[in-house]
Amino acid sequence: MSHLVHPQALCESKRVGPGTRILAFAHVHERAVVGRDVELGDHVYVADDVVIGNRVVVKTGAQLWDGVRVEDDVFIGPHATLVNHRFPGARGTLERSSPTLVCRGASIGANATILPGRTIGQNAVVGAGAVVTRSVPPNAVVVGNPARIRGYVESEERAAEPARADASAPEGIMRSRVRGVALHRLPLYRDLRGSLSVGEFPKGIPFVPKRFFAVFDVPGSEIRGEHAHRTCHLFLVCVRGGCSVVVDDGETREEFRLDHPTLGLHLPPMVWGIQYKHTADAVLLVFASERYDPDDYIREYQAFLDEAHQGRT
């Protein structure tokens with residue numbers, strides 16, 4: 001099966017995969033590479049140094065300039081622009097930048113602008129009209145100008161009130177749908193002198209810590225974490241202010257809001273964790289079951305997925 005080019009389209013490239021449709025007034029330059037089963041809508045512009053994967057949909061009027069790399073199963077909305085120059089140079093010339101990567105399964109909304117050299121992570125969503133000035137993490141949903149993370153794909157926030165999810169869950173513990181993760185309601189004691197919350201290791205919290213650290217002064221637009229551990233357990237308590245925690249076991253993703261010293265979240269090994277939506281006064285206290293070991297970290301999401309899936313086969 002060959003590809004289809006509308007009579008009023010211009011396709012100069014010979015490297016176009018079977019099943020691809022190039023619609024009216026689209027322009028594909030000579031050195032561009034387009035995969036199979038791709039749809040390039042009316043008035044789409046694809047420059048020379050562009051590589052498009054398989055089953056990609058690029059809607060009307062979108063522009064993909066030199067240096068853009070689009071992986072499989074990506075959606076690019078109408079009039080989105082993936083530029084390749086940072087800013088105008090002298091006498092009308094333009095300064096080239098590093099390539100822009102749109103990873104597998106990502107979606108870019110209508111009229112969005114992606115600045116050069118950025119990466120749109122796997123399955124990420126860029127909202128309509130967003131201006132992406134920084135790379136977007138895998139599964140993140142970003143909106144606005146400049147784009148900021150609003151949430152994560154398939155990550156509904158759970159209510160903070162722990163309840164027994166099953167017969168095996170002790171009182172005050174809510175088990176997550178993410179494998180091994182649990183939200184703890186820690187005991188609270190109040191009197192005229194103030195309030196006290198307490199957790200006991202390993203009686204109520206299922207490991208004895210060898211290390212702790214505190215995270216604070218995080219700008220509200222920033223994200224922390226974005227890694228998993230191979231052997232280390234973590235227990236997170238936001239002792240002041242609040243932050244949201246996304247947990248992901250490679251199959252299921254869930255989000256929790258830690259906004260009181262009586263709420264603690266247990267992350268076992270092989271769970272991808274992200275912290276974001278920090279309040280200005282947030283102080284996140286983290287207990288770790290192991291001493292710091294850089295080799296225990298998995299910092300690339302695809303590598304985490306590969307290891308997680310391998311461990312289940």
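The values are calculated or read from the model by the stated rules, or taken from the named source; none is laboratory data. Not measured: the values here are computed from a predicted model. Methodologically, a virtual Cβ is constructed for each residue, glycine included, from the backbone with ideal geometry; neighbour enumeration extends over all protein chains shown.
Considering the range 106-133, the residues that are of a type in the set (S, T, N, Q) and outside any loop (DSSP other than H, G, I, E, B) include one that is farthest from the chain's Cα centre (by Cα), namely T113.
Residue under question is V28, and the condition is that it be more than 23 Å from A110 (Cα to Cα) and either surrounded by fewer than 21 Cβ atoms within 10 Å (Cβ to Cβ) or in the same structural domain as A110 (by TED's automatic domain parsing) (or both); does it hold? No. Does P269 satisfy the criteria of being in a loop (DSSP other than H, G, I, E, B) and modelled with pLDDT under 95? Answer is no for this residue.
Scanning the range 293-308 for residues that are assigned to a helix (DSSP H, G or I) and either within 20 Å of A106 (Cβ to Cβ) or aliphatic (A, V, I, L, M) (or both) turns up Y301, Q302, A303, F304, L305, D306, A308. When the range 182-208 is filtered for residues that are part of a strand (DSSP E or B), aliphatic (A, V, I, L, M) and within 24 Å of E157 (Cα to Cα), the ones remaining, listed by number, are A182, L183, L188.
Candidates in the range 196-238 are the residues that are surrounded by 15 or more Cβ atoms within 10 Å (Cβ to Cβ) and among the β-branched types (V, I, T); of these, the one that is farthest from G180 (Cα to Cα) is V218. For the range 260-275, indicate whether the set of residues that are more than 21 Å from R185 (Cα to Cα) and crowded, with 21+ Cβ neighbours inside 10 Å is non-empty. Yes, some residue in the range 260-275 is more than 21 Å from R185 (Cα to Cα) and crowded, with 21+ Cβ neighbours inside 10 Å. Would you pick out the residues in the range 228-237 that are under 25 Å from P261 (Cβ atoms) and either in contact (Cβ under 8 Å) with a residue 60 or more places away in the chain or not assigned by TED's automatic domain parsing to the domain that holds F212 (or both)? Passing the criteria: H229, C232. Against the conditions (1) surrounded by 18 or more Cβ atoms within 10 Å (Cβ to Cβ); (2) modelled with pLDDT of 95 or more; (3) in contact with a Ser or Thr (Cβ under 9 Å, 6 or more places away or on another chain), V83 satisfies every one except (2).
Among the residues of the range 56-78, those identified as in contact with an Asp or Glu (Cβ under 6 Å, 6 or more places away or on another chain) and surrounded by fewer than 19 Cβ atoms within 10 Å (Cβ to Cβ) are V57, T60. Restricting attention to the range 239-259, the residues being surrounded by fewer than 18 Cβ atoms within 10 Å (Cβ to Cβ), in a loop (DSSP other than H, G, I, E, B) and of a type in the set (D, E, K, R) number 2.
The sole residue among L263, L267, L284 that is touching a residue at least 60 places away in the same chain (Cβ under 8 Å), in contact with a Gly (Cβ under 6 Å, 6 or more places away or on another chain) and assigned by TED's automatic domain parsing to the domain that holds F235 is L267.
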